[in-house]
Amino acid sequence: MLAPDFHAAHLVAPDFEPWWRDAVTYQIYVSSFADANGDGIGDLPGVTARIPYLARLGVDALWLTPHYPSPGADGGYDISDHMSVHPDFGTLHDYDELLSVAHAAGLRVLIDIVPNHVSEQHPWFLEARAGGPGARERFHFRAPRDDGAPPNNWQSLFGGPAWTLDEASGLYYLHLFSPEQPDLNWSHPDVRAHFEQILRFWLDRGTDGVRVDVAAGLLKDPELRDNPGTYTPGLFGHGPEQVHTWDQEGVHDIYRSWNALLREYDHHPASVGEVCLADLSATARYCRPDELGSAFTIELLKTAWGAGEYARAIEGPLTTFSEVGAKPAWVLSNHDKSRMPTRFGDGHLGAARARAAALLLLALPGQAYLYAGDELGLPDADVPAHARRDPIFHRSAGERLGRDGVRVPMPWTAGEPHCGFSARPDAPLYLPQPEGWAAYAAQQQWEDVHSFLNLYAELLRIRKTSPLFGTGLASIAADGDVLTVHLRDSRGNAGRCVINMGDDAVTTPDAGRLLALSHFDVWAFEGLLFLPGPSAAWMIDP
């Protein structure tokens, strides 16, 4: 059992509490959310039309995955123009309308900023390939080794070498992801100036914050030395095996300059980093008061289901982030990882664990990020090989399925073509919906008091009205299959989230009042709390 130890992010606390510090943000993969123009691809007007749904759900903000012009080699993360909107998604006017409608509904809007790389169709890279004066210096072009091999042993996260030969110049260029995504050289002043211009472009329009893609990867070892090892997807993040590729010291200066830029805006824009490092202390350094507002904690995403394992995965971020005056940005799913019901065991077991996990996620102090479809209990979809788009699938010759299964269009209304996703019944969908998708449709879930959707809505309602959940101090205890998050607010109120992570029912002493439950057969009576396996409850002291 872990010793209770309350953690508060107050050691280097800011002089005010910005809106985002304890916010719940809803991630929208634009292509798969809602299609307003009937072409089978989600778009910004589709998001705007669903703002009332998000307001009813009770989230504080929405985060749009890249909405920029892109050839689509990596789901929009290969950007050719950072200051416009992809024609498939709409126009800048549509973006401004989305902002206006969201703000009127009390919601903030975050966007993806992708600073590590651009598309091979970006004007800068086209100029570099054409041999324009100084253009290649904005990227990492290098000569082959004497035997014609790439300059070093770095590997792409999508499989294969991280270097591709440019036939015209005879030089290799670096890409930590696909060859269609050349890495920028952040030691070049043009790159830094351009991204400050990009940030201002969107913040001036009223955008409420940014999620920073590949935040720890912008700078590379200046000597491009071989890495001592290779990264595998099973690791908790990049570590010593890739010491020359990730987490270079100078990257913190970039975020200090961004922090100063964001502080110029009166609406206190948020910044959250995708910082996938094995060392939690290294991750937390990105969240010091003069850098990013927070960073995602991926421990829960990659930790096996179990009370002791989850206790350690929560305790670590609480401790390390509090040491720099920050709170974690908790995440249990996103557009890159298997959905919770599938990851937790599939079928009834996976769904039950996913419901319990919702109570855990939304009880923890700090930011919480939901991925569109979490609130519907969506599992991974089985996408036929011929329909898959993910470069991970294609670069691994099908050995790795990739991420298409978590990017399938949302089911909105049962009984309608495409479950109400598209305005046109015969639209060819971006990715095909599987058989049975209508069973998860949002409209029918609103009508079922025991549905995933109503569970999330109730938890979010309580989180807004009780300072204990999401904003209080926390300590963690694990006892057998039972995980308890003890909570306390600044006024001395106390409560807890109790989760039975085992398969068998447990009865535990608890004199508190039952505030929320993951399953209807959870009950509290005469000082006892009954939790079937698996399930969870929010309790509050009298």
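Okay, here's what the table says:
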{"read-out": "Contacts under 8 angstrom Cβ, first residue in the stretch 404-433 being farther than 16 Å from Gly373 by Cα, partner aromatic (Phe, Trp, Tyr), 6 or more apart", "value": "Leu429/Phe421"}
{"read-out": "Any hit, the stretch 521-538, residues being under 17 Å from Ala357 (Cα atoms), without any contact (Cβ under 8 Å) to a residue 24 or more places away in the chain and among the aliphatic types (A, V, I, L, M)", "value": "yes"}
{"read-out": "Filter result for Glu180 (surrounded by fewer than 19 Cβ atoms within 10 Å (Cβ to Cβ) and either of a type in the set (Gly, Ala, Ser) or closer than 30 Å to Ile41 by Cα (or both))", "value": "no"}
{"read-out": "Tally, over the stretch 33-49, of residues that are assigned to a loop (DSSP other than H, G, I, E, B) and closer than 20 Å to His335 by Cα", "value": "6"}
{"read-out": "Total residues in the stretch 193-226, condition in a loop (DSSP other than H, G, I, E, B) and either of a type in the set (D, E, K, R) or farther than 15 Å from Leu261 by Cβ (or both)", "value": "17"}
{"read-out": "Test: residue in the stretch 212-232 that is at pLDDT below 95 and within 25 Å of Arg339 (Cβ to Cβ)", "value": "yes"}
{"read-out": "Residues located in the stretch 90-143, provided they are within 23 Å of Ser271 (Cβ to Cβ) and among the aromatic types (Phe, Trp, Tyr)", "value": "Tyr95"}
{"read-out": "Condition check for Glu309: among the acidic types (Asp, Glu), out of contact with any Leu (no Cβ under 6 Å at 6 or more places or on another chain) and assigned by TED's automatic domain parsing to the domain that holds Gly402", "value": "yes"}
{"read-out": "Members of the stretch 444-463 found to be in contact with a strand residue (DSSP E or B) (Cβ under 9 Å, 6 or more places away or on another chain) and under 19 Å from Arg513 (Cα atoms), listed by number", "value": "Leu455, Glu458, Leu459, Leu460, Ile462, Arg463"}
{"read-out": "The one condition in (1) within 24 Å of Ile111 (Cα to Cα); (2) under 22 Å from the mean Cα position of the chain (by Cα) that Tyr265 fails to fulfil", "value": "(2)"}
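The values are calculated or read from the model by the stated rules, or taken from the named source; none is laboratory data. Quick caveat, the model's predicted, so the values are computed rather than measured. All Cβ positions, even for glycine, are placed from backbone atoms using ideal geometry, and neighbour counts span all protein chains on display.
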